[in-house]
Structure formats: structure tokens, C-alpha cells
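What follows is one structure encoded as C-alpha cells, with my remarks underneath.
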Amino acid sequence: EAGGVGSDWTAVLADVAARTGPGAGGLTFIPHMTGPRSEWHGPRASGAFVGLRAWHTKFDMVRAVLEGCAYSIRECVERRMPWGVDEFRAVGSGARHDAWLQIKADVLRRPVVRMAIQEGALAGAVLLAGMASGVFGGAREGVEAVVRAGRRFEPAEASDAYEAGYRAFCEAERELGR
């Protein structure tokens, strides 16, 4: 069991990934817990578990949350970046979790790279301070000095299993937003 706020959920998420498969047993999570996030979401968009049945486990529910967040990223990329993205870079607390980064790579069908410096705000502050103090001659020089890729997560064969889940996500999101 995971602890409270500030706990490291890495082992919990790894356990969830080991106990459940792609698609979370047909359970879909819509992550709009604070309402619509974009103009294409209807005015009544809200967060929800869709397809929840008595036999679903807490592991299915956690996996559905992880997948729902990844589906939401994919939807945004497909709508806002029709030219595509070659790879995604991950920073922050979510970047600590191998299982979630692998789910994202599989859903997005693109590599996800954990950055060596996982605290994005800190890296940005270092870059700005370095430019302001003259340590770096410009942003490009600062980025070359500070930004380093860490582990790379490649889409696995499991990515095919997420296509039906993504279609179900888009349909449920559309229906819930009306």
C-alpha cells in the first residue's frame, strides 16, 4: 500500500503494471476532474470512470487513471500538433515512475525520455541565472550545458493493445462533455 502525500509511488505503480494489462480490463478513466480543459471538450466535461464493473480491482482503477492521462496527452498532441512529435521528454514527479513512462510511450507510440534533471523548474532557473550572469552566452549554450537525457522508453508491442482503449476514451469523453 502507498503512503500519503509525498510518498514514493514507484513500487506501487510497478505492481499495478505487473498485475494488470493494457486496457485496464475495459475500464476507462476521463481525467477532467476540474472540468473542461480545451475548447473541444463540451461545457459539461468532467472526470469519470466509464465501464466500471463489480469485478474491477483497485489495480484496474489505478491503471485506468494512468492510461486516461496518457490518452489525454495523445489527444492533445493529435489535435494541436498535426505535424507530429518525434519524442516526448518527461520531468517532474511523474517522470520517476518507469511503469507510467512505459504506458505513455506505448499509448503515444513515440519514445518518452526521462530527463537527467527531473526538476524542470530548477533546470529553467539554472538556465536563466546562467544567461543573466553571463555564464552562458545564450539559451542554446545553456541548454547544451544543462539539459541531458536519461533513460529512454520505447513503444513496446503492447502499444497495439492501447488503440481500442484510446478509441473508447475519445468516445466516452465526447459523450460526457455534451
Could you tell me, in Å, what Rg and Dmax come out for the Cα atoms of the chain? 18.2, 61
Probe of 1.4 angstrom, ligands and nucleic acids ignored: what's the accessible area per residue over the chain, in square angstrom? 57 Å²
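Per DSSP helix of 4 or more residues, -39500 (n - 2.57); summed, then divided by the residues of the chain. What does that give at 222 nm, rounded to the nearest 500?
Values: 6 runs with 81 residues, N = 178.
Here the helix-only value at 222 nm equals -14500 deg cm²/dmol.
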Report in % the part of the accessible area of the chain that belongs to carbon and sulfur, leaving out ligands and nucleic acids; probe 1.4 Å. 57 percent
Can you give the net charge of the other residues whose Cβ lies under 13 Å from the Cβ of Val135, counting K and R as +1 and D and E as -1? -2
At 27 Å minimum axial length over the Cα atoms and a Kyte-Doolittle cut of -0.5, report the qualifying DSSP H helices in the chain, or say none. 58-80
Kirkwood hydrodynamic radius, the stretch 94-178, all distinct C-alpha pairs: what's the number in Å? 15.4 Å
Normalised by the empirical 2.2 N^0.38 Å for globular proteins, what value does the Cα Rg of the stretch 67-123 take? 1.12
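The values are calculated or read from the model by the stated rules, or taken from the named source; none is laboratory data. Owing to the predicted nature of the structure, the values given are computational and were not obtained by experimental measurement. Here the Cβ is made from the backbone with ideal geometry for all residues, glycine too, and neighbour counts use every protein chain on show. Side chains are part of the model used for accessible areas, which takes the heavy atoms of the whole protein and leaves out ligands, DNA and RNA. Shrake-Rupley method; radii C 1.70, N 1.55, O 1.52, S 1.80 Å.
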